[in-house]
Amino acid sequence: QLSQGMTYEMIFQKPRIFARRQAAVRRFLSRFSAEDCWQLLSHAVSIDKKIKGSEPGNPWDQLQLFCLRTA
């Protein structure tokens, strides 16, 4: 949406991102590409499945890896 000429303020209105959270969201968006975001979302889904027992593996190890990827 940024590449289409929209401003951050316009983008933040639709999902109702509160003003106090907008700075953190901007920092996140400047650090990660759209592809990175999809990979992180996919990893979060995998962690959720491990927590619920529908996927084998240790969720704590995966959660630690997720945190390291985003730090």
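Just so you know, all these numbers are worked out from the coordinates, no wet-lab data involved. Treat the numbers as computed from the prediction; the structure is a model and nothing was measured. We place every Cβ from the backbone using ideal geometry, glycine too, and count neighbours over all the protein chains shown.
Of the chymotrypsin sites (Phe, Trp or Tyr not before Pro) in region 17-71, the ones in a loop by DSSP (not H, G, I, E or B) with at most 11 other beta carbons within 10 Å are PHE18.
Shown in residue order for region 26-35 are the 3J(HN,Hα) couplings computed by the Karplus curve 6.51 cos²θ - 1.76 cosθ + 1.60 at θ = phi - 60°: 4, 4, 4, 5, 6, 8, 10, 7, 4, 4 Hz (x for Gly and Pro). Site pair ILE17 and TRP60 shows an inter-label distance of 3.3 nm when each label is modelled 7 Å from Cα along Cα→Cβ. Candidate cross-link partners of LYS52 among the aspartates and glutamates, defined by an alpha-carbon separation under 16 Å and a same-chain spacing of 8 or more, comprise ASP61. Treating the angle as unsigned and between 0 and 90°, give the value, to the nearest 10°, between the Cα long axis of helix 59-70 and the longest Cα principal axis of the chain. The angle comes out near 30 degrees. Dividing the helix sum by the residues of the chain, where each DSSP H run of 4 or more adds -39500 (n - 2.57), gives a mean residue ellipticity at 222 nm of -22000 deg cm²/dmol.
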